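To keep things clear, I will list the structure first and then write my remarks on it.
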Amino acid sequence: GSDQISAPEFDVMKLYHRLLNRRFADSARYWERRYRGGGDSGPGSSGRLADFKAHVVNDLIRTHGIRSVIEWGCGDGRQLSLLDVKTYVGVDISEAALTQCRRRFSNDSSRAFLHYDEALAQRHDMALSLDVIYHLTEDSVYDDYLRRLFASASRFVVIYSSDLDAPGPPHIRHRRFSEWVAINEPGWRLTTKIPNPYPLTAGRDDTTFADFYIYVR
């Protein structure tokens with residue numbers, strides 16, 4: 001039928017995916033190369049998806065009197081421009097992304113940016129992970145990231161991600177992180193799940209598979 005893929009088309013698709021995998025060495029180098037090449041944090045950090053995330057996070061900040069936030073995976077800082085919090089620390093694995101953030105917020109002393117390896121001693125009211133977990137393709141990186149995320153929060157951990165085990169393109173690996181938290185962080189309780197209002201739709205990049213998961217110590 002017309003919906004079937006011909007043999008030549010199938011061969012081209014296989015070659016395309018082999019090239020993608022060849023270019024993808026690991027998650028850290030992928031993001032450094034992406035930002036250095038002029039890329040950004042993706043469609044989730046702009047438009048209606050960014051507005052939705054900001055609404056949820058700002059509501060939590062106001063409702064619970066959150067004064068300090070640490071975000072693990074701050075990217076290029078576009079999402080941060082929508083957040084309203086007294087003190088903020090952004091952490092990222094990409095020096096290129098951190099450079100962008102420091103330039104963007106150079107006149108705001110309440111915002112600081114640290115490389116992933118510099119943020120071990122940080123502790124804040126709330127720790128954020130927005131559109132990050134499904135990009136952690138290596139098991140050791142995933143485990144270390146979640147341990148740091150929860151260790152850096154005194155009151156709330158807010159995760160915005162998919163929560164299932166499934167493969168994806170080379171730079172995406174979906175994780176059922178809620179099981180990891182239940183086993184490894186028993187002192188934290190999932191209190192709320194907030195579905196995003198724009199579920200994933202083919203052909204639209206302003207939709208997503210991520211939802212909010214809010215943990216309380």
Can you name every residue in segment 102-116 that is crowded, with 18+ Cβ neighbours inside 10 Å and under 19 Å from residue 145 (Cβ atoms)?
113, 116
Residue 137 is checked against (1) outside any loop (DSSP other than H, G, I, E, B); (2) among the hydroxyl-bearing types (Ser, Thr, Tyr); (3) under 15 Å from the mean Cα position of the chain (by Cα) and fails just one. What number does that condition carry?
(1)
Could you check how many residues of segment 108-127 are over 12 Å from residue 91 (Cα atoms) and in contact with a helix residue (DSSP H, G or I) (Cβ under 9 Å, 6 or more places away or on another chain)?
3
For segment 117-142 the number of residues that are surrounded by fewer than 16 Cβ atoms within 10 Å (Cβ to Cβ) and of a type in the set (A, V, I, L, M, F, W, C) is 2
So, in segment 77-123, how many residues would count as being in a loop (DSSP other than H, G, I, E, B), of a type in the set (Lys, Arg) and within 18 Å of residue 50 (Cα to Cα)?
1
Residues in segment 83-101 that are open to solvent by 30 Å² or more (accessible area, probe 1.4 Å) and farther than 15 Å from residue 70 by Cα total 3
Hits in segment 45-76 - residues which are touching a Gly at 6+ places or on another chain (Cβ under 9 Å) and assigned to a loop (DSSP other than H, G, I, E, B)
73, 74, 75, 76
Tell me whether segment 43-57 contains one or more residues that are of a type in the set (Phe, Trp, Tyr), open to solvent by 20 Å² or more (accessible area, probe 1.4 Å) and touching a Phe, Trp or Tyr at 6+ places or on another chain (Cβ under 8 Å).
yes
Pairing a residue in segment 95-109 that is touching a residue at least 40 places away in the same chain (Cβ under 8 Å) with any residue that is surrounded by 17 or more Cβ atoms within 10 Å (Cβ to Cβ) and of a type in the set (Phe, Trp, Tyr), where Cβ atoms lie under 6 Å and the two sit 6 or more apart in sequence or on different chains, gives 96/35; 97/35
Top-ranked residue in segment 164-217 [being assigned to a loop (DSSP other than H, G, I, E, B), crowded, with 19+ Cβ neighbours inside 10 Å and not small (Gly, Ala, Ser); ranked as nearest to the chain's Cα centre (by Cα)]:
175
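The values are calculated or read from the model by the stated rules, or taken from the named source; none is laboratory data. Everything quoted here is computed from the prediction, not taken from an experiment. All Cβ positions, even for glycine, are placed from backbone atoms using ideal geometry, and neighbour counts span all protein chains on display. Ligands, DNA and RNA are stripped out before the accessible areas are found, and what is left, the full protein with its side chains, is counted by its heavy atoms. Shrake-Rupley method; radii C 1.70, N 1.55, O 1.52, S 1.80 Å.
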